[in-house]
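The structure appears below as structure tokens.
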């Protein structure tokens, strides 16, 4: 087995450090559950997001645009029954899109939270059994919520006792409740630890690790988050209110044009509306993705001691991860200008992130296997 | 564990919990109604246009603008509180790597936590007050976030530049 990267704590003996790491990562521990479950959730969420981006997103946007155009032309022709039908279609397409975006976003966000909780586990004054049960509760909720959100569009209001909320929504909310209960339990454990007078100093080597791959991921992650913050503030200052005003004025132009039977106003308004929606979507997607990848990069930096791969491969996967993390949001931003080429490159960026994450996950699984086989030292 | 680190970790988890509870409340009690209102008002606006009723169409579009404005902010508040909570937690875990005094780190943590709370709060207040105050609050919160993150990046860079490679390559 390759030697574990050394700790910054020079006074601790390497065997003690290793034993400490392995103790917190032991077979039934909450930390192991949360790390493997968390990265698993992120991987599934990202693969789902890539499939959604390639096969659903653009097609769905086209259908929304086509239905809105059809509704506008129906209004132009004075057919208000057709207008209502076309808007029903728009609502259906938007719900389809919204639930898939929510599935993707929530699954990944819960994965991040699981990784963070695994890092905080040593500071929680709870029994190992309670931590483990809370980890299972968290993972069940984190799986249930996105799955049921995905089903909302297909289940609808079938057999629902409520007027506007279907069974899929109810179970999604139940999943959210599981997550909140687990999180509240962990918070209680942390607060109990911090307010305990006779608390012992916690020795956890993970946050102190300073392998080259870990440092690369940490520095790269902070850089990505910073870029995302700057882009978000630029968007809020320059485009946000302008986009909101345009959204209203373009729709006014289209509806007024239809009422006054002005075909030019309707058609130019529809073209401008499509352009506006595209601009909004790429800015929001770039902002969200670059910050999320930055946070994930910082998180992965902490887990490098558990990634049982040769050090050179740890570095390579860290670089691949950072490359993909930068490529995806930048190319998403360029999609309006360069179209499908930029879109394809963005998908490749997403794929690089997924492959690098999968490699690290396999490395962590290898470490867990060796630990279980008693080969960790 | 240093005070700054403790503040960021406990503050981050509390903020995540708060943001999730807010999202749960919003999803159960307000989101479906808001989405229905957005869809219905837009549909009414175009039906009004089909009936050549410009006044009805304009009123419905104003309703659409209002409900969309509120909906966008509610979703932004939920996602930003949780997103910033995650950034607080991960940076809290790296806080011991910063090359600053404990006092500076504590002030930095206070500023970062304050920004993470205030920025979405300012956005939320925009739902109730269209004046400049909520915007100023949101801008101040985000400026605090960016400035604190910049200082954190600086602290990490200083530390990294002064940390020797733990695995030096053997000389050939």
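Please enumerate the residues belonging to region A:222-255 that are buried (at least 16 other Cβ atoms within 10 Å of the Cβ), over 30 Å from residue B:41 (Cα atoms) and facing chain B (nearest Cβ under 8 Å). Of everything in region A:222-255, those that are buried (at least 16 other Cβ atoms within 10 Å of the Cβ), over 30 Å from residue B:41 (Cα atoms) and facing chain B (nearest Cβ under 8 Å) turn out to be A:222, A:223, A:225, A:226, A:229, A:233.
For the residues A:49, A:65, A:38, A:92, the requirement of being surrounded by fewer than 21 Cβ atoms within 10 Å (Cβ to Cβ) and in contact with a helix residue (DSSP H, G or I) (Cβ under 6 Å, 6 or more places away or on another chain) singles out A:65.
Residues of region B:40-79 that are within 9 Å of another protein chain (Cβ to nearest Cβ) and either more than 22 Å from residue A:78 (Cα to Cα) or surrounded by fewer than 19 Cβ atoms within 10 Å (Cβ to Cβ) (or both): B:40, B:51, B:52, B:53, B:54, B:58, B:62, B:65, B:68, B:69, B:72, B:79.
Residues that are facing chain B (nearest Cβ under 7 Å), assigned to a helix (DSSP H, G or I) and at pLDDT 85 or above within region A:73-86 comprise A:74, A:75, A:83, A:84, listed in sequence order. Across region B:95-114, the qualifying residues are those that are part of a helix (DSSP H, G or I) and buried (at least 22 other Cβ atoms within 10 Å of the Cβ), and the one among them that is modelled with the lowest pLDDT is B:95. Does residue A:250 satisfy the condition of being within 30 Å of residue B:140 (Cβ to Cβ) and either outside the structural domain of residue A:288 (by TED's automatic domain parsing) or modelled with pLDDT of 90 or more (or both)? Taking the combined requirement at face value, the residue does not satisfy it. If you check A:285, A:263 for being outside the structural domain of residue A:121 (by TED's automatic domain parsing), surrounded by fewer than 24 Cβ atoms within 10 Å (Cβ to Cβ) and over 25 Å from residue A:53 (Cα atoms), only one passes: A:263. Of B:130, B:135, all but one fail to be more than 7 Å from every other protein chain (Cβ to nearest Cβ), surrounded by fewer than 18 Cβ atoms within 10 Å (Cβ to Cβ), under 20 Å from the mean Cα position of the chain (by Cα) and not in a helix (DSSP H, G or I); the exception is B:130. Scan region A:68-79 for residues that are surrounded by fewer than 20 Cβ atoms within 10 Å (Cβ to Cβ) and either assigned by TED's automatic domain parsing to the domain that holds residue A:257 or more than 19 Å from residue A:247 (Cβ to Cβ) (or both) and jot them down. Result: A:70, A:73, A:77, A:78, A:79.
The values are calculated or read from the model by the stated rules, or taken from the named source; none is laboratory data. It should be emphasised that the depicted structure is a prediction, and the values quoted were computed from it without experimental measurement. Cβ atoms come from the backbone with ideal geometry, glycine included; neighbour counts cover every protein chain shown.
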